[in-house]
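Single-structure report; data block below.
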Amino acid sequence: MLIKKPADIRPSEITSEQNYLDRRTFMRVGALVGGSILAPSAISAVVPDRRGTKLTGVSKSSFSTDEAPNSFEDITTYNNYYEFGTGKSDPHENAQNFDPLPWTIKVEGHAEKTGTFDFEDFIKPFDLEERIYRMRCVEAWSMVIPWVGISLAEVVKHFKPTSQAKYVAFETLNDRKRMPGIRRGSLDWPYREGLTIAEATNPLPILAVGLYGQVLPNQNGAPIRLVVPWKYGFKGIKGIVRMRFTDKQPLTSWNMAQAREYGFYANVNPNVDHPRWSQARERRIGSGLFASKQPTLMFNGYGDEVAHLYKGLDLRRNY
Ligand code: MTE
């Protein structure tokens, strides 16, 4: 992955959360109130700009870390979303006018329940929870992010996968008109990711629809993206339009691009270096350029919850 250091981000690119919200006209009304959500057509008519809309009916999760979250600015101005460019500030700059709604998610493959669902209908059966998770990027930086999302395990159970379903594959929207980075061909589109069924039904992963109590900013994967806190950030596929239950290990974008550097499992592991850099330590974004790096924890510190998933697997080979 291409790396741009925080020093490369101009101060003018960084906006306070208040300015960020003030810039949006407040014609949004509470579209997402008490867990009941307006139909997409109603949202587009009443809420021309959904950005900044507060999410309500969100409960706190016992899985949250008590580490201090990064600022809204850190989380929304420094990340990867190659569909909007390869620079760390590109998603923030180039996704501003992306209108994610209406949005549909196709569920297919080895499951009793399949079909194409409007985003609102897709998330309606599930509880919204705030999960404050440590996130570790393969590029050796980390953040703490207060996500709002729904449990992936609950979503998987809802669609009733059959015994043939060994993996869940995900795909991102592939729209070259709305996503300028796609025209540059930096990856083989659509962006793809996958988990084993055991990983997908572990209680930790969520499909995030918000952060800091408001709907997910475009650059963070609106309207819905995967969050798997014990894996490197690239597993957190954004802008999901397709979920497939499959019997074969699915292709994943970074593995397709550079198999030697990026594996299917991508568990955070301080003992297995990336071929071009160490994974032993990480730089917490927002801690200042001169702050010392902190040690990276096995499974990003979530070992108690997930280490059993990999019993008997050689994690040096299955990276
Ligand atoms: N999802 C899509 N569709 N396209 C991408 O380029 N980049 C990944 C992941 N999800 C990416 C993606 C990478 S490399 C990282 S580190 C995370 O998104 C970073 O974004 P976040 O900080 O918003 O989680």
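The values are calculated or read from the model by the stated rules, or taken from the named source; none is laboratory data. Here the structure is a predicted model, which is why all the values come from computation and not from measurement. Reconstructed Cβ throughout: ideal geometry from the backbone, glycine too, with neighbour counts over all protein chains shown. When the accessible area is computed, the model is the full protein with side chains, heavy atoms only, and any ligands, DNA or RNA have been set aside. Shrake-Rupley method; radii C 1.70, N 1.55, O 1.52, S 1.80 Å.
Within a Cβ distance under 14 Å of residue 174, other residues only, what is the Lys/Arg minus Asp/Glu net charge?
+4
7 Å from Cα along Cα→Cβ at both residue 298 and residue 274: what's the point-to-point distance in nm?
It is 2.2 nm.
Given 61, 150, 138, which one lies farthest toward the positive end of the charge dipole of region 14-310, if we put +1 on the Cβ of every Lys and Arg and -1 on the Cβ of every Asp and Glu?
Result: 138.
Grab the Cα-Cα distance for residue 183 and residue 65, subtract it from 0.36 nm times how many residues apart they are, and report the gain in nm with one decimal.
Answer, rounded to one decimal: 38.6 nm.
Report the semi-axes of the equivalent ellipsoid for region 161-303 in whole Å, largest first, where each axis is √(5λ) for an eigenvalue λ of the Cα gyration tensor.
After scaling each eigenvalue by five and taking roots: 25, 20, 17 Å.
If you add up the charges near residue 148, with Lys and Arg at +1 and Asp and Glu at -1, over every other residue whose beta carbon is less than 13 angstrom from its beta carbon, what do you get?
My count for the surroundings of residue 148 gives +1.
Using the reciprocal of the averaged 1/r over all distinct C-alpha pairs, how large is the Kirkwood radius of region 14-310 in Å?
Averaging 1/r across every pair of different Cα atoms and inverting gives 19.4 Å.
Would you mind counting up the charge near residue 221? Only other residues with Cβ under 11 Å from its Cβ, with Lys and Arg at +1 and Asp and Glu at -1.
On the way: positive: 225, 238; negative: 83.
Result for the local shell: +1.
Region 108-204: which GluC sites (Glu not before Pro) are DSSP loop and have at most 13 other beta-carbon atoms within 10 angstrom?
Here the sparse-neighbourhood loop sites are 112.
Give the accessible area for residue 110 in Å² (nearest 10); use a 1.4 Å probe, count only protein heavy atoms, and leave out ligands, DNA and RNA.
50
Run the quick spin-label model on residue 248 and residue 108: label points 7 Å from Cα toward the beta carbon, then report their separation in nm to one decimal.
1.4
Measuring from centroid to centroid over Cα atoms, what is the spacing of region 240-308 and region 162-228 in Å?
Using only Cα atoms, the two centres lie 15 Å from each other.
May I ask you to derive the relative contact order of region 14-310, considering only C-alpha pairs under 8 Å and at least 6 residues apart, and to give it as an integer percent?
19
Rounded, prolate or oblate: which fits region 101-150 when a ≥ b ≥ c are the square roots of the eigenvalues of the alpha-carbon gyration tensor, with rounded for a/c under 1.5 and prolate only if a/b beats b/c?
Working: a/c = 2.55, a/b = 1.88, b/c = 1.35.
Prolate, since a/c reaches 1.5 and a/b exceeds b/c.
Mind grabbing the accessible area of residue 173 for me, 1.4 Å probe, Å², rounded to tens?
Looks like 30 Å² after rounding.
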